[in-house]
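Chemist: My questions all concern the structure below.
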Amino acid sequence: MTVGVSLFGGEMGKREKQKQRQERRNRGRGSFSYLQEDQDIDDTPRISPSGEEAVDDSNEEQEEDDADDDEATINHENQSHDMPSKFLLYQQSVQSPKGDISYLQKFFLMYVGGRIALHLQEDFCGTAFLSTEWLRSDSRRTAVGLDLDDEALNWCMENNIPSLGADGFSRISLFHGNVLQPLQSKLVNTDPQKLVSNISLAQNEENMQAGMPESDDLTGSVVQDDTFTKTYITLPGRDIVCAFNYSCCCLHKRADLVLYFKHARDALSTKGGIFVMDLYGGTSSEDKLRLQRRFHNFTYVWEQAEFDIIQRKTRISLHFHLKKEQRKLRHAFSYSWRLWTLPEIRDCLEEAGFRSVHFWVRDMPDSTEIMKTEGFGAGKNVKYEEATTFQQQDSWNAYIVGVA
Ligand SMILES: C[S@@+](CC[C@H](N)C(=O)[O-])C[C@H]1O[C@@H](n2cnc3c(N)ncnc32)[C@H](O)[C@@H]1O
């Protein structure tokens, strides 16, 4: 299935395809919050944003102000069938899996080394877009995804995995469940021949309890079917566990964060592995903020509610304004987040048993600069650097690496 073409309807002309390709190259993980470029390792030549991508956003301010009154504004639950899926829009505007994967490989080589990372676990995976890209680039790779949202997981099964070809389903295991209770999670069926399996994501200890042979690099999963008969599927011990797009902010309590980090560590291969997550911050992250980024077919809006300085919590809403359909997908995604600090994350990772913790930070364009800059101009070519100190900025983004 070709993701992204049919949903926007009809045949695409060459020029439109070029635009979409450019948008894909330019979208960034950090664009999730601050609409930054993600050009760190992706060395694809960029087309000048002042060229084809120049957009007229003179009406955008008004469009934003009118959002709540607009008759065409829709709730995502009432999404009609001819509308692009909110998951597709999210993947196109928010995620940048190739950039993330480049950093994952780099971190693995730096902090573990001695072998190539093949086995990934993507926690809080949503539509497991990162896992899909992980599998695409090397046929030896496997991926495990875990998320609470079965709609997103099923969307992945129907829209992302088929693009991998025949062996895609056999190399990915998607689990529906809570990262705090991974053993209770259930396998979303990856075999189109079967309907559903109730398989729980188990870790090394459970394998041993259930009599699985001990292995250096295999992590079994206990399979429990409806008749409670235990069988096994074998998952390799993961080389890398990741939690991206600030997903750890979904966990609000310190004890939960430590518990989650312990589960992540347990899933890593006994031969060594890394846990990688990301975080954003800066003075602008602790205030109300509304940012937008324009794509060829839609505008993506990040809305940040007031910031509670005692609980360090905020609510983030993502909206999509569809040009062709003249519709607004308001609150397509909405998250209640606790904004953890870097030292809090380090302490919790250490408490969970990680041997060392490393910060890779990049300065982000100021929010005012982003609002002034058209297209993809802001923040080009800024790379993440490993840092032990970093002065406060309007906005920053960080990868945090825990080495097991
Ligand atoms: C910010 S989204 C990130 C999605 C995806 N990882 C990405 O990179 O864009 C957070 C995801 O975490 C999931 N989630 C939130 N709390 C969770 C939990 N306790 N266990 C598992 N998934 C959770 C949500 O369903 C959502 O898909």
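Chemist: So, in the stretch 344-362, how many residues would count as being touching a strand residue (DSSP E or B) at 6+ places or on another chain (Cβ under 7 Å) and assigned to a loop (DSSP other than H, G, I, E, B)?
Modeler: Residues flagged as touching a strand residue (DSSP E or B) at 6+ places or on another chain (Cβ under 7 Å) and assigned to a loop (DSSP other than H, G, I, E, B) within the stretch 344-362 amount to 2.
Chemist: So which residues in the stretch 272-325 are crowded, with 18+ Cβ neighbours inside 10 Å and among the polar types (S, T, N, Q)?
Modeler: If the condition is that a residue be crowded, with 18+ Cβ neighbours inside 10 Å and among the polar types (S, T, N, Q), then Ser284, Ser285, Gln292, Asn297, Thr299, Gln304, Thr314 are the ones that fit.
Chemist: Restricting the search to the stretch 263-307, which residues are hydroxyl-bearing (Ser, Thr, Tyr), within 17 Å of Asp366 (Cα to Cα) and more than 18 Å from the chain's Cα centre (by Cα)?
Modeler: Within the stretch 263-307, Thr283, Ser284, Ser285 meet the criteria.
Chemist: Going through Leu187, Leu118 one at a time, which residue ends up being within 24 Å of Tyr260 (Cα to Cα), of a type outside the set (Phe, Trp, Tyr) and out of contact with any Phe, Trp or Tyr (no Cβ under 8 Å at 6 or more places or on another chain)?
Modeler: Just one listed residue meets the conditions, Leu118.
Chemist: While we're looking at this one, here's another question. Go through the stretch 245-269 residue by residue and tally those that are away from the ligand (no atom under 14 Å from the Cβ) and either at pLDDT below 95 or more than 27 Å from Gly113 (Cα to Cα) (or both).
Modeler: 1
Chemist: Take Val301 and tell me if it is within 16 Å of the ligand (Cβ to nearest atom), out of contact with any Cys (no Cβ under 9 Å at 6 or more places or on another chain), outside any loop (DSSP other than H, G, I, E, B) and in contact (Cβ under 8 Å) with a residue 60 or more places away in the chain.
Modeler: So Val301 fits the description; yes.
Chemist: Just for the stretch 170-190: of the residues that are in a helix (DSSP H, G or I) and surrounded by 18 or more Cβ atoms within 10 Å (Cβ to Cβ), which one is farthest from the ligand (Cβ to nearest atom)?
Modeler: Selected residue: Arg171.
Chemist: Here's something else I'd like to know. Scan the stretch 79-125 for residues that are more than 16 Å from the ligand (Cβ to nearest atom) and not in a helix (DSSP H, G or I) and report the count.
Modeler: 14
Chemist: Next question, about the same structure. Just the residues that are among the basic types (Lys, Arg) and either within 16 Å of the ligand (Cβ to nearest atom) or modelled with pLDDT under 95 (or both), please, taken from the stretch 329-358.
Modeler: Within the stretch 329-358, just Arg338 meets the criteria.
Chemist: I'd like the residue in the stretch 126-162 that is outside any helix (DSSP H, G or I), in contact with a Cys (Cβ under 8 Å, 6 or more places away or on another chain) and closer than 18 Å to Ile274 by Cβ and, out of all such residues, is farthest from the ligand (Cβ to nearest atom).
Modeler: Within the stretch 126-162, the match that is farthest from the ligand (Cβ to nearest atom) is Gly145.
Chemist: While we're on this one: I'm trying to understand the selection: among the residues of the stretch 250-279, which are β-branched (Val, Ile, Thr) and part of a strand (DSSP E or B)?
Modeler: Across the stretch 250-279, the qualifying residues are Ile274, Val276.
The values are calculated or read from the model by the stated rules, or taken from the named source; none is laboratory data. Please read all numbers here as calculations on a predicted model, not as lab measurements. Please note: Cβ atoms are built from the backbone with ideal geometry, for glycine as well, and neighbour counts cover all protein chains shown.
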